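Quick one: the structure is below, and I'll ask about it shortly.
The values are calculated or read from the model by the stated rules, or taken from the named source; none is laboratory data. All figures in this text were calculated on a predicted structure; none of them were measured in a lab. Here the Cβ is made from the backbone with ideal geometry for all residues, glycine too, and neighbour counts use every protein chain on show.
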Amino acid sequence: MKDFRFDTVMFPINFVEFFKMGFGKPVLELADKQGAAVLAIKPLSTGTWLEGVERTRKWWYRTTETQEQVDLATRFTLSQKRVAAGIPPSFLDLLDKAIEAGKTYRPISKAEMQKLQEMAKTCESVFRREEEQVAHGDPIHEPFYPDSPHECCQCAYV
């Protein structure tokens, strides 16, 4: 985005990444400067599957589950400047909850932001390990999340 102006940008924007490591903030700032719309992916993510946490879905990251959690996560994502849409994961029950959250959308309140900050304290970033490895200039030779349908062992960043 620093070298080319885009009309739209697709990027993970969710409360866990935002509060845990500021992930997404630079993208939102650049999108605002460029006047680009942001298509937010992973808006319902609550980070990695922590040790000892029951896996409720066969998916590579955890998600919000209750309607209240989905509402909060959706309001957070859609309240970010330049975010035009939040694309939920491909589980029909979460899609139904996300649609309901969209129907009742209102900007997120300060109290709700504080609630999400507290929730984020019990979560871990999906992207932290990858960010640290890339920051150190280390190539990635194996998948971080074997359950992810998007990863392959041949991928490497240089």
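Hey, can you tell me all the residues within segment 114-130 that are within 18 Å of Glu54 (Cα to Cα) and acidic (Asp, Glu)?
Glu124
Give the number of residues within segment 1-31 that are touching a residue at least 12 places away in the same chain (Cβ under 8 Å) and over 26 Å from Thr64 (Cβ atoms).
The qualifying residues number 6.
Cβ contacts < 8 Å: first residue within 18 Å of Leu116 (Cα to Cα), restricted to segment 63-89; second residue among the basic types (Lys, Arg) and in a loop (DSSP other than H, G, I, E, B), any location; separation 6+ or different chain. Result?
Thr63/Arg57; Arg75/Arg106
Rundown of residues vs (1) over 9 Å from the mean Cα position of the chain (by Cα); (2) farther than 10 Å from Arg82 by Cα; (3) not assigned by TED's automatic domain parsing to the domain that holds Gly86, yes/no style:
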| position | (1), (2), (3) |
| --- | --- |
| Asp3 | yes, yes, yes |
| Val16 | no, yes, no |
| Met21 | yes, yes, no |
| Gly24 | no, yes, no |
| Asp32 | yes, no, no |
| Ala36 | yes, no, no |
| Leu39 | yes, no, no |
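Can you say whether Arg82 is assigned by TED's automatic domain parsing to the domain that holds Lys25, over 23 Å from Phe11 (Cβ atoms), more than 14 Å from the chain's Cα centre (by Cα) and not small (Gly, Ala, Ser), as far as the supplied structure shows?
The answer is no for Arg82.
Okay, moving on. Taking segment 49-78, which residues are of a type in the set (Val, Ile, Thr) and modelled with pLDDT of 95 or more?
Thr63, Thr64, Thr66, Val70, Thr74, Thr77
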